[in-house]
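Input: a single structure, listed below in structure tokens.
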Amino acid sequence: MLILGIESSCDETAASVVKDCTELKSSVIASQALEHQKYGGVVPELASRRHCENILSTVQQALDEAEVTADMLDGIAVTYTPGLIGALLVGVNFAKGMAFAAGKPLIPVHHITGHIAANYLVHPELKPPYLCLVVSGGHTMLVEVIKYTEFKILGTTRDDAAGECFDKCARVLGYPYPGGVQIDKAAQTGDAKKYRLPRPRVAGSELDCSFSGLKTAVINTVHHAGQTGEIIDAPSMAASLQKTVSEILTEKTELAAQRTGYTTIAMAGGVSANSGLRAAMQKMCDKNGYQLYMPPLSLCGDNAAMIACQGSYNFLAGMTADESLNAYASGTAIGEMKETS
Ligand code: KG4
Ligand code: ZN
């Protein structure tokens with residue numbers, strides 16, 4: 001079974017061919033990150049325009065590298081939610097046109113379920129059910145992966161995502177977009193005990209988290225230093241932030257594991273590339289005897305291999321769409337969308 005995956009939810013135009021769910025045949029990513037860096041973040045209209053320009057060549061390259069032609073595919077999977085609406089529409093419309101022209105099934109994929117599936121590409125022994133910590137630029141959630149196509153959200157952020165918190169704090173500390181990886185780098189040389197940062201809790205909902213108070217604390221500390229002429233030790237602030245975020249996420253995951261009884265834990269999403277978080281999660285899992293699965297750094301961020309992989313499972317479960325498929329910026333939570341049926 002050969003599935004083509006297409007991803008265009010943010011600032012990466014990506015295409016990939018996956019065989020039999022987990023065998024990666026090709027993965028092409030045309031990143032726009034450097035272009036958006038000039039503006040300190042993703043400019044939605046610019047992202048849509050670049051997707052328009054890059055999508056055909058990206059898909060063609062993915063097919064060529066996999067040595068397949070469109071007629072050999074069993075289905076075309078595409079991210080249809082969540083993300084920047086103009087960006088998503090480029091991928092969805094391209095996939096619809098291609099599926100129609102080639103007479104192939106169209107397979108909608110929820111971006112977050114794709115991030116989770118990235119693990120199957122490198123850890124074929126990982127099989128549902130298990131617990132997954134999803135940490136990306138727009139989402140932070142603890143997900144019970146019941147089946148390959150069935151998910152339950154156990155906890156989520158009440159405000160900012162962990163990635164958003166990293167990116168905003170990096171910006172105020174003077175690091176370029178995308179800031180998460182810069183925080184990670186800077187933290188290597190900083191003193192994580194230098195700044196004491198708050199650990200906001202969500203009353204009555206221990207598996208939910210909140211990062212806006214933490215973000216505000218970092219921003220206020222930097223602004224206050226600017227007013228008093230104090231020099232902020234940026235690497236130490238980065239290290240303190242990384243340690244705080246890692247501890248919050250690790251504690252929540254440990255609590256979710258204790259409550260559900262899962263001993264198999266996975267991580268997914270761009271922030272799962274964070275070295276401090278990876279180390280903290282590994283330590284917590286070793287202490288408890290849990291098995292931890294993490295995607296390699298190359299599959300943590302946005303890519304289409306994860307969409308082709310999850311698309312393969314959706315296809316096997318009969319989750320295809322007709323030509324009326326639309327894109328949605330948000331509002332299709334993974335616990336209440338088609339993947340649950
Ligand atoms: O999953 P992703 O590529 O896109 C979304 O679906 O949002 O995640 C992007 C997020 C950004 O906030 C980026 O700064 C963060 O992942 N990120 C990191 C690291 N690498 C990427 N955050 C912390 N440490 C990293 N090493
Ligand atoms: Zn993503």
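Return the residues of the range 264-287 that are within 16 Å of ligand 2 (Cβ to nearest atom) and of a type in the set (A, V, I, L, M); say none if nothing qualifies.
Hits for the range 264-287 are 266, 267, 268, 271, 273, 277.
For the range 229-341, which fully contained helices (runs of 4 or more DSSP H) count at least 3 residues that are at pLDDT 95 or above and not assigned by TED's automatic domain parsing to the domain that holds residue 58?
Qualifying helices (runs of 4 or more DSSP H): 234-260, 275-288.
Please enumerate the residues belonging to the range 219-255 that are among the acidic types (Asp, Glu) and in contact with a helix residue (DSSP H, G or I) (Cβ under 6 Å, 6 or more places away or on another chain).
254, the sole residue that qualifies.
Among the residues of the range 84-107, which ones are within 25 Å of the chain's Cα centre (by Cα) and either over 14 Å from residue 304 (Cβ atoms) or among the acidic types (Asp, Glu) (or both)?
84, 85, 86, 89, 93, 96, 106
Residue 314 versus (1) of a type outside the set (D, E, K, R); (2) over 15 Å from the mean Cα position of the chain (by Cα); (3) within 27 Å of residue 95 (Cβ to Cβ); (4) within 16 Å of ligand 1 (Cβ to nearest atom): which is the lone unmet condition?
Of the numbered conditions (1) of a type outside the set (D, E, K, R); (2) over 15 Å from the mean Cα position of the chain (by Cα); (3) within 27 Å of residue 95 (Cβ to Cβ); (4) within 16 Å of ligand 1 (Cβ to nearest atom), the odd one out for residue 314 is (4).
If residue 79 satisfies every condition in (1) among the polar types (S, T, N, Q); (2) part of a helix (DSSP H, G or I); (3) closer than 14 Å to residue 16 by Cα; (4) within 16 Å of ligand 2 (Cβ to nearest atom) but one, which is the exception?
Here residue 79 meets the rest and fails (2).
Residues are listed down the side, and each one gets a yes or a no for (1) surrounded by fewer than 15 Cβ atoms within 10 Å (Cβ to Cβ); (2) closer than 30 Å to residue 61 by Cβ:
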| position | (1), (2) |
| --- | --- |
| 243 | no, no |
| 252 | no, no |
| 262 | no, no |
| 270 | no, yes |
| 314 | no, yes |
| 331 | yes, no |
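Quick one: count up the residues across the range 87-136 that are under 26 Å from residue 290 (Cα atoms) and either at pLDDT 95 or above or within 16 Å of ligand 1 (Cβ to nearest atom) (or both).
Residues that pass the stated criteria total 24.
I need a count of the residues in the range 28-83 that are modelled with pLDDT under 95 and acidic (Asp, Glu).
Of the residues in that region, 1 qualify.
Quick check: is even one residue across the range 152-171 touching a Phe, Trp or Tyr at 6+ places or on another chain (Cβ under 8 Å), within 16 Å of ligand 1 (Cβ to nearest atom), part of a loop (DSSP other than H, G, I, E, B) and among the hydrophobic types (A, V, I, L, M, F, W, C)?
Within the range 152-171, one or more residues are touching a Phe, Trp or Tyr at 6+ places or on another chain (Cβ under 8 Å), within 16 Å of ligand 1 (Cβ to nearest atom), part of a loop (DSSP other than H, G, I, E, B) and among the hydrophobic types (A, V, I, L, M, F, W, C).
Filter the range 261-300 down to the residues that are within 26 Å of residue 190 (Cβ to Cβ), aliphatic (A, V, I, L, M) and in contact with a strand residue (DSSP E or B) (Cβ under 9 Å, 6 or more places away or on another chain) and list them by number.
If the condition is that a residue be within 26 Å of residue 190 (Cβ to Cβ), aliphatic (A, V, I, L, M) and in contact with a strand residue (DSSP E or B) (Cβ under 9 Å, 6 or more places away or on another chain), then 267, 271, 277, 281, 284, 292, 294 are the ones that fit.
Can you give me the number of residues within the range 139-162 that are within 16 Å of ligand 2 (Cβ to nearest atom) and either more than 26 Å from residue 113 (Cα to Cα) or buried (at least 24 other Cβ atoms within 10 Å of the Cβ) (or both)?
6
The values are calculated or read from the model by the stated rules, or taken from the named source; none is laboratory data. Computed from a predicted structure; not experimentally measured. As a convention, Cβ positions derive from the backbone with ideal geometry for all residues, glycine included, and neighbour counts pool all protein chains shown.
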